[in-house]
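To keep things clear, I will list the structure first and then write my remarks on it.
The values are calculated or read from the model by the stated rules, or taken from the named source; none is laboratory data. Computed from a predicted model, the values in this text were never measured in an experiment. In this analysis, Cβ positions are derived from the backbone assuming ideal geometry, glycine residues included, and neighbour counts consider all displayed protein chains. For the accessible areas, the whole protein counts, side chains as well, though only heavy atoms, and no ligand, DNA or RNA atoms are used. Shrake-Rupley method; radii C 1.70, N 1.55, O 1.52, S 1.80 Å.
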Amino acid sequence: MITKKTGTLFFCILSAFLLYGCGAGSPSAPSLPDNPPAASVQESESVNTPAIDKNKYSGLHIAQKTLVIPGIEKNYDLLFLSDTHMIVLDGTEDTQVTENALPRTGLFKDADGKDSYENFPKWMEYANETETDMLLLGGDIIDFPSEANLNFLAQNLDALKIPYCYTLGNHDWTYPWEYMTETGRQQYRPLFAPFMKENPAASITEYEELVILCVDNSSNQVEAEALPVMEEALAMGKPVIVLLHVPFSTETLLEQASTVWSSPVSVGMADRGGIFPDANTIAFQDKILGEDSPVVCVLAGHVHFPDEAMLTDSVVQFVAGPGYGNEGIALHIQGGADTP
């Protein structure tokens, strides 16, 4: 499916758009077979969650996805939210920050005209009430790293009764005047360490039969310091879910991106309008999309529209719609037969 060393990715397509989420386990749980049957995606109406007031959450547009992984026995429910681009102004911002923020506040509203920061607490309530195993945050949760934005983010995450995993987006830790600069990297990116197990580059959450690997590719590339963490995750002998901000290119994603964005917004297929991966990113791709990789799913955001496609015969990618539009993904993971 993928031509690796050249940096150009070619993906098979699964064109199935569905409308309308892990407790830590024992590290001694049995590993999957060396060559387990591939995971598969199934259409799902809803998952088995506690009874909730559906009217209370009627404004949340949650795409239900079911991923069947042969060989596992437990069920897991993950809630994935990306690109809320929250902007909170409390009057303490300097002139430069305020002048940058004010024109952008109107960009991140839902269909009813509510700002994304007004809806974010409802997502926290939904995660708690449905007893989701983990909330996955795919980056650009805040629009810039002001003190007010970071405080609001921390207050809401503190209200969670479930674990969460956070990977950085390109807006989370940057301002336009310090966009991907070394100064910005030293001054702002470390502010997110408390949300990322003290390592913004990559982190691991291990469950009894599942591993969540969060990797920062907010610069459109994967950093060298993330590679050892990736190797550790892949060596655990369990199915792996990878959380990114910038997605891998697919045919359907590139087609839609060409009508929305004026610059490349996904990694790979550079000859078709994607981003050419650097050496570290190619090494990352080669491992997680390799023939013997335990990765079963990639979750990403960034592009502000949903996409679903097979990256290889055994790895599906779900790209979430924009969180500021109240779009998210509930991913139900369940076991299946060991044989097709």
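Within region 217-227, which residues are out of contact with any Gly (no Cβ under 8 Å at 6 or more places or on another chain) and either among the aliphatic types (A, V, I, L, M) or part of a loop (DSSP other than H, G, I, E, B) (or both)? Selection gives ASN217, SER219, ASN220, GLN221, VAL222, GLU223, ALA224, ALA226, LEU227. When region 57-94 is limited to residues that are of a type in the set (Phe, Trp, Tyr) and crowded, with 23+ Cβ neighbours inside 10 Å, the one that is nearest to PRO121 (Cα to Cα) turns out to be PHE80.
Taken over region 228-271, the criterion of being among the small types (Gly, Ala, Ser) and either in a loop (DSSP other than H, G, I, E, B) or farther than 23 Å from ALA201 by Cβ (or both) is satisfied by ALA235, GLY237, SER249, ALA257, SER258, SER262, SER263, SER266, GLY268, ALA270.
Listed by first and then second residue, the pairs linking a residue in region 138-161 that is over 23 Å from PHE318 (Cα atoms) to a residue that is polar (S, T, N, Q) and open to solvent by 20 Å² or more (accessible area, probe 1.4 Å), with Cβ atoms under 8 Å apart and 6 or more places separating them unless they lie on different chains, are PHE144/ASN100; GLU147/THR92; ALA148/THR92; ALA159/ASN128; LEU160/ASN128; LYS161/ASN128. Among the residues of region 152-181, just one is open to solvent by less than 10 Å² (accessible area, probe 1.4 Å) and among the acidic types (Asp, Glu), namely ASP172.
If you go through region 198-230 and keep only what is open to solvent by less than 30 Å² (accessible area, probe 1.4 Å), over 21 Å from HIS302 (Cβ atoms) and not aliphatic (A, V, I, L, M), you end up with THR205, TYR207, GLU209.
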